[in-house]
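Just so it is clear, none of the values below were taken in a lab; they were calculated from the coordinates. This one's a predicted model, so the numbers in the text were calculated from it and none came from an experiment. Every residue, glycine among them, receives a Cβ derived from its backbone with ideal geometry; neighbour counts consider all protein chains shown.
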Amino acid sequence: MTDAPNKLWGTDFTCVLTRVEFADVSFVIDLFSRRILSCASSSTYDTEFVEQAVQMASWQRRTKEKFHMRPVLGIIHRSNPGTAYSSQKYTQKLADEGLVPSIGTIGDAYDIASAETVKGLFKNEVIAKDSPFRTGPLVTESDVSEVAADWVHWYNNERFHSTLRHRTPAEFEEHYYDEMSG
């Protein structure tokens with residue numbers, strides 16, 4: 001994928017049916033570590049929630065942990081060619097955040113395969129009725145947002161990945177920065 005954090009991000013969103021409404025959940029992932037940088041949800045399909053996810057990912061990388069000294073400028077931001085990601089408003093948000101858009105072709109998920117994987121894991125590990133992240137039915141978008149936030153924290157800090165040498169995404173990045181400074 002890439003040889004360092006903050007070079008290549010991927011994004012995608014998925015739709016979840018609750019008892020009352022549909023909830024769309026957008027994820028932004030650093031493709032070096034598979035770390036989920038942000039997720040945002042909405043009960044209305046528009047570009048605002050995917051813009052919010054990008055803005056939160058940029059903020060997180062500028063202000064959290066060891067990343068506060070690392071600029072976000074120039075990161076390639078891969079997405080699919082859907083309307084939410086190809087709108088002028090979204091493209092402007094990427095420019096405002098210093099990201100370089102890279103939009104895949106229609107019907108080709110290869111560019112965002114890691115984001116597709118995260119979506120699948122989210123649906124299987126969180127949305128499924130027997131999920132340990134759920135304490136009851138998902139009634140509204142707010143319920144989906146709450147379980148998504150819990151899952152993202154677990155995914156980044158407790159879920160081991162064989163492709164990351166059996167480390168969590170957070171540990172994999174920590175190891176990278178330790179190696180770079182040592």
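As a calculated quantity, the FRET efficiency between Ser43 and Glu174 at R0 = 30 Å, using C-beta atoms, amounts to about 0.25.
Remark: the Asp150-Thr63 segment gains 29.3 nm on full extension, using 0.36 nm per residue and subtracting the alpha carbon distance.
Just to verify a number: FRET efficiency for Ala128 and Met56, C-beta to C-beta distance, R0 = 30 Å, to 0.05? Step by step, r from the Cβ atoms, then E = 0.75.
Other residues lying with their Cβ under 12 Å from the Cβ of Lys93 contribute a combined charge of -3, Lys and Arg counting +1, Asp and Glu -1. Extents of the chain, taken as max minus min of Cα coordinates on every principal axis and listed largest first, are 51, 38, 30 Å. Over the chain, what is the percentage of antiparallel beta bridges among all DSSP beta bridges, to the nearest 5? Here the share of antiparallel DSSP bridges comes out near 70 percent. Shown in residue order for the stretch 154-170 are the 3J(HN,Hα) couplings computed by the Karplus curve 6.51 cos²θ - 1.76 cosθ + 1.60 at θ = phi - 60°: 4, 4, 6, 10, 10, 7, 7, 10, 4, 6, 9, 6, 6, 10, 7, x, 5 Hz (x for Gly and Pro).
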